[in-house]
Amino acid sequence: LEIIVPSVPDTTPPEVLLATPTGDNIPVSADISIVFSEAMNQTSVEGYISVSPDISFSSSWINNQTLVLSITGNLSYNTTYAVTIDTGTKDLAGNTLAYYTWQFSTVEESEIIQPPASNDWMWIVIIILLATIIMLMLFYQFNKERKKEG
């Protein structure tokens, strides 16, 4: 007995299951990742995804279902980014993804304490040297006075 299973066309639209990063204080080196509920038409996704403010990125796929946007360089500090996937995005069966957008904000640029420049070190050495000379002179004078009294 042979069981014949009729093929049912895929009419279920894809969804975004996970989109990262989200929230605040995101490192400027972060990549953007989107996990879809099913395998996607890569060309349609890449053609209808945008990031504002505009950034340069390269895209890579894992199993036609996860898109990773690797940022060229770094994101800007203290900036809110909006990622939008427009309605032209389709799965492999041609079903359209509903419009999807989310935001995240990057960390503030921390103050970086610079080490002293090479000419700054010279001043530090001169000050230490002068302080040492003054202390030696005072010590010498103190011993000279003590010997006079003794």
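The values are calculated or read from the model by the stated rules, or taken from the named source; none is laboratory data. Worth saying up front: this structure is predicted, and the values here are computed from it rather than measured. All Cβ positions, even for glycine, are placed from backbone atoms using ideal geometry, and neighbour counts span all protein chains on display. Protein only, heavy atoms only, side chains kept; ligands, DNA and RNA dropped before computing areas. Shrake-Rupley method; radii C 1.70, N 1.55, O 1.52, S 1.80 Å.
Taking the conditions (1) open to solvent by 40 Å² or more (accessible area, probe 1.4 Å); (2) outside any loop (DSSP other than H, G, I, E, B); (3) among the polar types (S, T, N, Q) in turn, residue 76 satisfies each one other than (2). Looking only at residues that are surrounded by 14 or more Cβ atoms within 10 Å (Cβ to Cβ) and modelled with pLDDT of 95 or more in the range 60-73, which one is farthest from the chain's Cα centre (by Cα)? The extreme case among them is 65. Residues in the range 35-59 that are under 16 Å from the mean Cα position of the chain (by Cα) and in contact (Cβ under 8 Å) with a residue 24 or more places away in the chain: 51, 52, 53, 55, 57. Candidates are the residues of the range 14-26 that are open to solvent by 70 Å² or more (accessible area, probe 1.4 Å) and not aliphatic (A, V, I, L, M); the one that is farthest from the chain's Cα centre (by Cα) is 15. Scanning the range 106-150 for residues that are open to solvent by 90 Å² or more (accessible area, probe 1.4 Å), modelled with pLDDT under 70 and of a type outside the set (Asp, Glu), we see that the one that is nearest to residue 79 (Cα to Cα) is 112. State whether one or more residues within the range 43-52 are closer than 24 Å to residue 92 by Cβ, surrounded by fewer than 16 Cβ atoms within 10 Å (Cβ to Cβ) and hydrophobic (A, V, I, L, M, F, W, C). Among the residues of the range 43-52, not one is closer than 24 Å to residue 92 by Cβ, surrounded by fewer than 16 Cβ atoms within 10 Å (Cβ to Cβ) and hydrophobic (A, V, I, L, M, F, W, C), which makes the answer no. Among residues of the range 68-94 that are free of Cβ contacts under 8 Å to residues at least 40 places away in the same chain, those with a Cβ under 6 angstrom from a residue that is assigned to a loop (DSSP other than H, G, I, E, B) and not aliphatic (A, V, I, L, M), sequence gap 6+ or separate chain, pair up as 68/31; 70/31; 72/56; 78/108; 86/48; 87/99. Of all residues in the range 1-34, those being touching a residue at least 24 places away in the same chain (Cβ under 8 Å), hydrophobic (A, V, I, L, M, F, W, C) and outside any loop (DSSP other than H, G, I, E, B) number 5.
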